[in-house]
Structure formats: C-alpha cells, structure tokens
Amino acid sequence: RGVLGFLLYFLFIGCGYILIEVALIQKFVLFLGHPTYALSVVIFSLVISSSYGSYCSRGSVRNERRLIKALGGVALLAGVLAAVLSNLLTALVWLPLPVKMTLTVILIAPLGFVMGMPFPSGLARLESWHPPSVRWAWSLNAAASVLGSVGALVCAIYLGLLQTLIIGGLFYVAALAVAMR
C-alpha cells in the first residue's frame, strides 16, 4: 500500500538530477570557453561527487532525517548556485583554464555530493517496504533522466538556465514531499 505513490520519488529525483546537470553544463560553457570542457568537467564533477555522496550515505540509508536533509540540501544548494553563479562566473572569466576547471569542480562538488544521497536511501527504504518494486524504481528513475533531458533543454530555451536549475531543485522538493508522506 502506498508503493505506487512512493515510486514518484524516483521520477522526481531522476528529473531533478538531469535538469540540474544540463543547466550546469550549459552555464559553464561560456566560463570554460568550450562545450567539450564544460561537458567533461561538469559531468566529471557530478559523477565523482555524487558517487562519493552515495558511498557516504550507505551507513545511513534507513535514516529518515538524513534523507530529508539531503533532499532539502539539494534544493537549497541549487537555489544558492542559481543566485550566485552568473555574477561569479562573469567576474572570474579572466582566470586561466586550469584554475577555471578547478573552480568548476569546487563549485559543483557540494551539490553533487548531496545529490548522490537520495537514490540509494530511497532504494533501501523501498526494498525494506516492498522488494519487487525496486526494479520499477530503477526503471522510472532511468526513464525520468531520459525524458528530463529533453525537458531541461525546453526549459533552458524558454525559461533560461538559472530557472532550469531552480526547477531541478524544485523536483527535489517534490521528492521531499513524497518521502515525508
């Protein structure tokens, strides 16, 4: 009972992750000077920091308070980045490329770390609740990532990159609402 509602959690974090990722890639293109650099550095930063966040959450996957803090932390950090990123990147565009790449990793890593925690925590919660639904959680999260990438491009074109970043954070707020329910 209630498993179908909780599966929305995986849709929300899948969409939120990819919206934030696409917005960050696009935002850092001008800062790093080339799309290849932005794609490589942003994805590297998110994958490494998210995997470390996932690894660090393994001891607390059944801890409700940490899950709520992680989901809220993603929304908060995405909002902070949306607020300061444009001015910060504009002010620091004169730096040499290796310094800009390092700065990119430093700016993205905290958000990526926290973004790595909700998925394994949600899977552990679902597995203890209804093990057959775990495969649906994986499937829905993957589908949300694919569909969310198209949604991220549409949001970026019609709303802007910072708004896309904020919408990605709001998806984590929606996941928080599902988790608290």
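Structural remarks
- Out of A75, A109, sole residue that is part of a helix (DSSP H, G or I), among the small types (G, A, S), closer than 18 Å to M180 by Cβ and modelled with pLDDT of 95 or more: A75
- Boolean, L170 is part of a helix (DSSP H, G or I) and modelled with pLDDT of 95 or more: yes
- Against the test of being within 21 Å of I48 (Cα to Cα), at pLDDT below 95 and part of a helix (DSSP H, G or I), the options S133, S128, S86, S121 yield a single qualifying residue, S121.
- Filtered residue count, the stretch 46-99, keeping only those that are under 20 Å from I167 (Cβ atoms) and open to solvent by 60 Å² or more (accessible area, probe 1.4 Å): 4
- Total residues in the stretch 9-42, condition free of Cβ contacts under 8 Å to residues at least 40 places away in the same chain and open to solvent by 60 Å² or more (accessible area, probe 1.4 Å): 5
- Residue match in the stretch 23-32 (condition: out of contact with any Pro (no Cβ under 9 Å at 6 or more places or on another chain), part of a helix (DSSP H, G or I) and among the charged types (D, E, K, R)): yes
- Qualifying residue in the stretch 26-41 (condition: within 20 Å of M117 (Cα to Cα) and of a type in the set (A, V, I, L, M, F, W, C)): no
- Pick from the stretch 122-153, criterion of a type in the set (S, T, Y) and out of contact with any Gly (no Cβ under 9 Å at 6 or more places or on another chain), ranking: farthest from G2 (Cα to Cα): S149
- Considering residues of the stretch 124-172 that are surrounded by 18 or more Cβ atoms within 10 Å (Cβ to Cβ) and among the β-branched types (V, I, T) only, the residue farthest from L85 (Cα to Cα): I167
The values are calculated or read from the model by the stated rules, or taken from the named source; none is laboratory data. Not measured: the values here are computed from a predicted model. Glycine also receives a Cβ, built like all others from the backbone with ideal geometry; neighbour counts cover every protein chain displayed. These area figures cover heavy atoms from the full protein model, side chains too; ligands, DNA and RNA do not enter into them. Shrake-Rupley method; radii C 1.70, N 1.55, O 1.52, S 1.80 Å.
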